[in-house]
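Trainee: Please read through the structure below; I'll follow up with questions.
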Amino acid sequence: MSANKTKILSKSKELFEQYGYQKTTLTDIAKSVGKVKTAIYYYFSGKDEIFAQLVETEAEAFNKTLFSTVEKVNNPIEKLELYIDTRMKLMLQLSSRYSFLKQDFFELMPIVEANRLSSDQKEIKYVAAILEEALENNTIEILDVDFSAKMIVNTLKGLEVQMYVTDQIVIIPTETKKFREFILYGAIKLKS
C-alpha cells in the first residue's frame, strides 16, 4: 500500500473517531492529508471505500491479535476457552474505540459485514481447527465441527451489535467464566 493511501486511511480513521462517519466529509479527509478532494479519488472511490478499507484492516489486525494470543497455550480446550475470553476483551476494546459507529451502526453494518467476510471465514476455520484437534485428542464429542465452529463465532459476533449500539458491556468480567462455559458446553444437559 502506498504511503499516501496509508496516510489517507490513518487520517480518515482519526476524523471518523472524532466527528463520526456522517459528519466527516471527503473534503475534511483531503484537508487533513494536505490534498484537494479530487486527489483522494486517485486512491479511493469515496468515503465508503475508505471506511471499507479501514474495516478490512481492523478485522485482519483483530484476528492476528486473537490468534497469536490463543496460540500461547497448547491444549485445545484451553485454546477454546482463551479464544472466547480474548475475543470478548477485544470486542470490548473495539466498541469503545469505535464509538462513532453507534450513531451510524445500521447504515454502516452492510459495509462492515461485507469487508469482514474474509476475516470471519478465517476465524471460523481457526475455531474449526481447534475443535478438530480436540476431537482427535479424544477430548470432546462433537457431531459437526464446521457447524459448531460457525455457531461459536457467529454467537460471539452477535454480541457485537449490542456492544456497539447500546454501549453496554454484554458480559461483565465476573461472569466471563460462566459465559465461556455456556458457549462451549451448552445451555442445558439432558438427564439420563
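The values are calculated or read from the model by the stated rules, or taken from the named source; none is laboratory data. Keep in mind it's a predicted model, so treat the numbers as computed, not measured. Note: ideal-geometry Cβ built from the backbone for every residue, glycine included; neighbour counts use all protein chains shown.
Trainee: When you go through Arg97, Arg87 one by one, which is the residue that is assigned by TED's automatic domain parsing to the domain that holds Asn154, in contact with an Asp or Glu (Cβ under 9 Å, 6 or more places away or on another chain) and surrounded by fewer than 14 Cβ atoms within 10 Å (Cβ to Cβ)?
Mentor: Of the residues listed, the single one that is assigned by TED's automatic domain parsing to the domain that holds Asn154, in contact with an Asp or Glu (Cβ under 9 Å, 6 or more places away or on another chain) and surrounded by fewer than 14 Cβ atoms within 10 Å (Cβ to Cβ) is Arg97.
Trainee: Could you say which residue among Leu117, Leu143 is surrounded by fewer than 14 Cβ atoms within 10 Å (Cβ to Cβ) and not in a helix (DSSP H, G or I)?
Mentor: None of the other options fit; the residue is Leu143.
Trainee: For residues in segment 135-162 being touching a residue at least 24 places away in the same chain (Cβ under 8 Å) and among the β-branched types (Val, Ile, Thr), which is farthest from Lys79 (Cα to Cα)?
Mentor: Val161
Trainee: Restricting segment 6-43 to residues that are surrounded by 16 or more Cβ atoms within 10 Å (Cβ to Cβ) and in contact with an Asp or Glu (Cβ under 8 Å, 6 or more places away or on another chain), which is farthest from Arg97 (Cα to Cα)?
Mentor: So, considering only residues that are surrounded by 16 or more Cβ atoms within 10 Å (Cβ to Cβ) and in contact with an Asp or Glu (Cβ under 8 Å, 6 or more places away or on another chain), the one farthest from Arg97 (Cα to Cα) is Ser32.
Trainee: Here is a further query. Any residue that is farther than 30 Å from Gly20 by Cβ and assigned by TED's automatic domain parsing to the domain that holds Lys89 - is there at least one of those in segment 151-165?
Mentor: Within segment 151-165, one or more residues are farther than 30 Å from Gly20 by Cβ and assigned by TED's automatic domain parsing to the domain that holds Lys89.
Trainee: Pull out all pairs, ordered by first then second residue, where Cβ-Cβ is under 7 Å, the residues are six or more apart or on different chains, the first lies in segment 15-43 and is at negative phi, and the second is among the hydrophobic types (A, V, I, L, M, F, W, C) and part of a loop (DSSP other than H, G, I, E, B).
Mentor: Once the first residue is at negative phi and sits in segment 15-43, its partners that are among the hydrophobic types (A, V, I, L, M, F, W, C) and part of a loop (DSSP other than H, G, I, E, B) give Phe16/Phe100; Glu17/Phe100; Tyr21/Phe100; Ala30/Val36.
Trainee: Hey, could you check segment 72-98 for residues that are in contact with a helix residue (DSSP H, G or I) (Cβ under 8 Å, 6 or more places away or on another chain) and not in a helix (DSSP H, G or I) and say which is farthest from Phe179 (Cα to Cα)?
Mentor: Tyr98
Trainee: Considering Tyr83, Tyr21, which residue is within 24 Å of Ser148 (Cα to Cα) and among the aromatic types (Phe, Trp, Tyr)?
Mentor: Tyr83
Trainee: Oh, and also: Would you call Ser148 surrounded by 15 or more Cβ atoms within 10 Å (Cβ to Cβ), under 21 Å from Met88 (Cβ atoms) and over 14 Å from the mean Cα position of the chain (by Cα)?
Mentor: Yes: the conditions hold for Ser148.
Trainee: Let me ask something additional. Looking at Glu58, Glu132, which is the one that is surrounded by 13 or more Cβ atoms within 10 Å (Cβ to Cβ), under 30 Å from Tyr19 (Cβ atoms) and free of Cβ contacts under 8 Å to residues at least 60 places away in the same chain?
Mentor: Result: Glu58 is the single residue among Glu58, Glu132 that is surrounded by 13 or more Cβ atoms within 10 Å (Cβ to Cβ), under 30 Å from Tyr19 (Cβ atoms) and free of Cβ contacts under 8 Å to residues at least 60 places away in the same chain.
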